[in-house]
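What follows is a set of notes on a single structure, which appears directly below.
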Amino acid sequence: MSTRIALRTAALGYLGVLVLVPLAMILYRTFEDGLVAFFQSVTTPAAISAISLSLTIVAIVVPLNVVFGLVTALALARGNFPGKGILQAVVDLPFAVSPVIVGVALILFWGNDGWLGGALPVIFSLPGMVLATVFVTLPFVVREVEPVLREIGTEQEEAASTLGASRWQTFWRITLPAIKVGVFYGVVLTVARSLGEFGALTVVAGGVAGESQTLTLLVHARYIDDHNTFGAYAASTVLMGLALVTLVLMALLERRREA
Amino acid sequence: MKITALVAALLALVVAACGGASDEVGGGSESNAAAASGGGSSKLSLVAYAVPKVGFDKVIPAFNATPEGKGVTFSQSYGASGDQSRKVESGLETDVVNFSVEPDITRLVESGQVEETWNQNEYKGVPFGSVVTIVTRKGNPENIKTWDDLLKPGIEVVTPNPFSSGSAKWNLLAPYAEKSGGGQNPEAGLAYLEKLIGEHVKVQPKSGREATETFLQGTGDVLLSYENEALFAERNGEDVEHTNPPVTFRIDNPVAVLKDSKNKEKAQAFVDFLYTKEGQTAWAEAGFRPVDPDVAQQFASDFPPPEKLWTIDDLGGWGKVNDELFEPETGSVAKIYDEATG
Amino acid sequence: MASLAVPKPPARTRRNLGGGVGPIGLGVASLWLSLIVLLPLAAVFTKSLEAGPAEFWDAITAPSARYALLLTTAISALVALINVVTGTLIAWVLVRDEFRGKSLVNAIIDLPFALPTIVASIVLLSLYGPRSPVGIHLYATKPAVIVALAFVTLPFVVRSVQPVLMEVDREAEQAAASLGASGWTTFRSIILPALYPALLGGAGLAFARAIGEFGSVVLIGGGIPRDTEVASQYIAKQIETDRPASAAAVSVTLLAISFVVLFAIRWFTKRKGVA
């Protein structure tokens, strides 16, 4: 019994020191001057612009990842082709690549001195930020959907197609409903990761307040460039709120998946 | 299903955010980043080195109070001078640039983004400046007042990385000018820097502002910085104080308009405004040394002249100094830095 | 359903090529992955070797670069190890213990996944920085880097061990206990072997995550060369000071370390699994 209590105390103590107390601290710092101060801080034009830029990036990245993620997952789960192992590895690659290296890679590929010789204005503008975010979030939808596709098998789909359904109809009526939860889960992870991306963006984003500054860049800029610690805490709290929303959604989806 | 909930939550957040927007704009220092409220009026983008924000926060409202500046909004970016310049060179769109050192503008002249005539005005394209100063903990416990004091055993000096920061270049030039007698005896100057960089500089923040932040977080005994940055920290109530060494260096922070600015007229009007009495006064109030002699006279008590103030021209101008000292891999200071911190 | 005996349509072989999406879909997927992931990474490789292997070697053996790479590898390994211990502990408590608020604790484990890394940095700095209300000053020290990395890697081992722990044979445990084995002996001889692959896998993921981490370290680590500067900070600095070739060389090395470790772990778990 006493071992159990000791283990519990140790585990909770570790979590407390590492996660809970710091979080409580930042919430305290954010709200010690009251709700109004917090609200004003996160509604300055630059903050609003940062929030909307972050959401814009999410709004572009999510559909891209869903469409291409589904195609890739279908190919991986159902296809049998030479080089499949390589494709599998490439999908996992972004997990193992440091975000900073992602930024470096984009500069060396799309930038002025890069392979494409700066043919397209990508770096230091919105496309660069989107590309960086797509890179780091690429595995999520694929990895959530692929196992589900394997599990459900192809029998229903084949049945549908023998009954005369077109491939498209089969996809909409049979496949998609079956993998829906997996897709949602992948999307939630993508959204969370997109909102939180920082390392790659510091390299490829212009960071101009009101234009090319996302929420995470705003946190950093406020902390360092503006010497505005409170503003940084406030913006962090917004991001933290979004993270909590993500957690709740993940928990709900998990429950549904198990059901 | 769940994703609609997420979208709804996000939307709610944005709506909430927008709801409060009109009440209060002044709270955040990035208040003029007003992309949102732009409307039909013109908007200028400014890419600057790390520390002049406190100045622009005063200058921009003053500009907005003039007929030319009415309704002009600004989006601003601050960071390490060299890094900011490199970003503009590689495609970051902007209208006005303000760097710590001239070579960062020269880079854009060479890439064809800034007119070669950018510095052909009375003040050579430099609307404001500062001097290199020594910042210590409050009460100056180590009693550091001169460049020689920095070499006292055990003193740790915080100064940024000269390959990204303009502030770092000024910080190194100040003792270099003193020790080399204005460049007459480069060996003596370099010997000093070798000792300073090799034995006393441990951190390499990327910009002048990050250096301040590092120092305020408790690292080091001395921070080398702009006088205006020291004033900024003191006015913020930080536990630091600054001493201008008797011999120091004049910092010139140039401003230029981009050739392909979409709003060139307004951009030029803004740059011109920086040199007016109002503009100069705003800079002086924010802790920057004005270039207009009359305004400088007016603020003389705030900006005491050092016994000896070296300038970049004393050392032969930025072209020479950059080639000989800071050119990566070949410049003598660059070599010392690579040797010490590589 | 299975008895529907699907007649093999002529399209069948073609379908198999790209699965449900056909060869076009396969092509689209490959092209997408190439454009987003492979080509940019290839650009890093070519850039790193542009000036020849000697330059590459010089770039990664420059004192600060070498130090950053070694520090990052060592600290990541240490953090993986810390996670093995604390992760197992937390997973154990979550599976075997019952107390009020357990589900809340369970949810908190995922927080570091969902929380932006820069926020993690600020959060830790507010508590362990110089303005620390508890008087712990970690700013710009190696412990600060360790704490930051432990924070962001928290979920990996917990989440890989937890499901395995749930399925561990309780009867064998009880048998061992009834035969007089102490709690620790039971754990070591019955539970730990079962957890082995999950532990390795989780530690590998934690290591891979830690080795590339940037955001959580950037504010609290201080980035002091040859002291607390991690590899990703070094790479960012090289880009900021306009030395892309050096940035590319260190990037390639960091990627290589990460792959070697991940492959070694995969190979190891596979072998263990077979044995």
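None of the figures in this text is laboratory data; all of them are computed from the coordinates on show. Computed from a prediction, not measured in an experiment: that's the story for all the values here. Note that each Cβ is placed from the backbone with ideal geometry, even for glycine, and that neighbours are counted across all protein chains shown.
Miscellaneous remarks
- Given charges at beta-carbon only (K, R positive; D, E negative), |dipole| of segment A:35-258 in Debye: 400
- Normalising by residue count, segment C:53-274 has a Cα convex hull of 143 Å³ per residue.
- Whether segment A:43-143 is rounded, prolate or oblate, judged on the alpha carbon gyration tensor where a/c under 1.5 counts as rounded: oblate
- The angle between the Cα long axis of helix A:45-78 and the longest principal axis of the Cα atoms of chain A comes to about 20 degrees, rounded to the nearest 10.
- Förster radius 30 Å - calculated FRET efficiency between A:Gln169 and A:Asn80 (Cβ-Cβ, nearest 0.05): 0.80
- Between amide H atoms placed 1.01 Å from N, distances below 5 Å from B:Ser45 occur with B:Ser75, B:Asp95, B:Val96, all of them 5 or more places distant or on a separate chain.
- For the listed peptides B:195-202, B:106-113, B:42-49, A:192-199, a ranking on the average number of other beta carbons within 10 Å per residue, highest first, reads A:192-199, B:42-49, B:195-202, B:106-113.
- Radius 12 Å from Cβ of C:Lys237, net charge of other residues (Lys, Arg +1; Asp, Glu -1): -3
- Counting, for every residue in B:75-84, the Cβ atoms of other protein chains within 10 Å of its Cβ and taking the mean gives 6.
- Coupling constants for segment A:219-230 follow from the phi torsions by the Karplus curve (6.51 cos²θ - 1.76 cosθ + 1.60, θ = phi - 60°), and in residue order they are 4, 5, 5, 5, 5, 8, 6, 9, 6, 10, 5, 4 Hz; glycine and proline get x.
- Cα-projected label distance for A:Val17 with B:Thr146, points at 7 Å along beta-carbon direction, nm: 4.9
- Helices assigned as whole DSSP H runs in chain B whose Cα atoms extend at least 24 Å along their own long axis and whose mean Kyte-Doolittle hydropathy is -1.0 or higher are found at B:2-21.
- Cα-based radius of gyration for segment A:35-258, normalised by 2.2 N^0.38 Å, reads 1.17.
- Highest-fluctuation residue, C:Ile220, C:Ile136, C:Ile146 considered, GNM on chain C with Cα pairs under 10 Å: C:Ile136
- Fluctuation leader among C:Leu115, C:Leu199, C:Leu89 - chain C, Gaussian network, Cα springs under 10 angstrom: C:Leu115
- Those residues of segment B:59-103 whose amide nitrogen sits under 11 Å from the label point placed on B:Glu110, 7 Å along Cα→Cβ: B:103
- Backbone N under 20 Å from the B:Gln184 label point (7 Å along Cα→Cβ), restricted to segment B:237-275: B:246-250
- Top of A:Val91, A:Val145, A:Val19 by mean-square fluctuation, Gaussian network on chain A, Cα under 10 Å: A:Val19
- Rounded to whole numbers, the Karplus 3J(HN,Hα) couplings from phi for segment C:94-101 are 5, 8, 9, 9, 10, 7, 5, x Hz, using 6.51 cos²θ - 1.76 cosθ + 1.60 with θ = phi - 60°, and x at Gly and Pro.
- Residue pairs, from the table B:Lys87/B:Lys266; B:Lys138/B:Lys195; B:Lys53/B:Lys308; B:Lys152/B:Lys179, whose Cα atoms sit over 18 Å apart: B:Lys87/B:Lys266; B:Lys138/B:Lys195; B:Lys53/B:Lys308
- At R0 = 22 Å, FRET efficiency that the Cβ-Cβ distance of C:Ala256 and B:Glu329 yields, to 0.05: 0.25
- Spatially, segment B:107-151 and segment B:260-327 are offset by 9 Å when compared through their Cα centroids.
- Cα-centre dipole for chain C with unit charges at Cβ (Lys and Arg positive, Asp and Glu negative), debye to 20: 700
- Remark: the protein assembly as shown is approximated by an ellipsoid whose semi-axes, taken from the C-alpha gyration tensor as √(5λ), come to 50, 31, 26 Å, largest first.
- The distance linking segment B:207-240 with segment A:56-119 is 42 Å (Cα centroid to Cα centroid, whole angstrom).
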